C-alpha cells in the first residue's frame with residue numbers, strides 16, 4: 001500500500017500546473033474589439049448628450065416660468081423673469097420688487113431664442129403675462145439637423161407649455 005501511495009504522489013506532482021490569467025494575444029484582441037466598438041458608438045453618444053442638454057435646459061426654463069407664475073399669484077404682485085445678461089443663454093433671474101427669488105446659471109453650446117424677442121416676461125398678480133404670446137426655442141449651437149429643438153410657449157393666460165420642435169427650431 002505504501003508503494004501505491006508514493007506512486008500517486010509522484011503522478012500528481014509530475015502533472016503540469018495550469019496557469020491562470022490572460023495571454024498577451026487574448027488581451028490584444030480584446031483591446032482591438034473594444035477600440036472598434038468605442039469608435040462606432042462615440043458619435044451617436046455625442047448626439048445623445050447634446051439632445052439631453054437641450055431637453056434639460058428647456059425643462060429648467062419651463063420650471064422657471066411656472067415658478068414665476070405661481071409666485072405672482074401667491075404673492076399677489078408682479079414677478080419678472082429676465083435674462084441674466086444680454087441673452088437668455090447667459091442664464092435668467094426671477095425677481096419680485098427688486099429681490100431675487102431664483103437665478104439660473106449660463107448654459108454653453110445652446111441657443112435660447114424667444115419669439116417675439118423678449119427682454120423680460122412679467123407675470124401679473126392673476127398669473128397672466130403682460131407680453132402676450134411668447135415662444136422660446138431651445139436648440140444646440142450651431143444648429144444640428146439631427147437634434148430637434150424644444151419649444152416652450154407661454155400663452156396670454158401665462159400658462160407655459162413644452163413641446164418638441166423641428167431640427168431648425170419652433171414653428
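Read-outs: derived from the displayed coordinates by stated rules, not from any lab. It should be emphasised that the depicted structure is a prediction, and the values quoted were computed from it without experimental measurement.
Seen against the Cα atoms of the chain and their longest principal axis, helix 24-75 is set at about 20 degrees. Its relative contact order, with pairs defined as Cα atoms under 8 Å and 6+ residues apart, puts the chain at 17 percent. Here the gap between residue 117 and residue 73, fully extended at 0.36 nm per residue and compared with their Cα-Cα distance, gives a gain of 13.4 nm. Here the extension length gained between residue 25 and residue 96 equals 18.8 nm, from 0.36 nm per residue of separation less the Cα-Cα distance. Taking 0.36 nm per residue of sequence separation and removing the Cα-Cα distance, the residue 171/residue 32 pair yields an extension gain of 45.4 nm. Report summary: the helix-based calculation at 222 nm, which adds -39500 (n - 2.57) for every DSSP H run with n ≥ 4 and divides by the residues of the chain, gives -14000 deg cm²/dmol.
Rank 40, 57, 80 by mean-square fluctuation in a GNM of the chain with C-alpha springs under 10 angstrom and give only the top-ranked residue. In this elastic network of the chain, the residue with the biggest mean-square fluctuation among 40, 57, 80 is 40.
Quick one, can you get me the convex hull of the C-alpha atoms of region 68-171 expressed as volume per residue in Å³? Write down the numbers at each step before the final one.
On the way: hull volume 9.2 nm³, N = 104.
Residue-normalised Cα hull volume stands at 89 Å³.
If eta is 1.002 mPa s and T is 20 °C, what Stokes-Einstein diffusion coefficient results for region 80-122, Kirkwood Rh from Cα pairs, in µm²/s?
202 µm²/s
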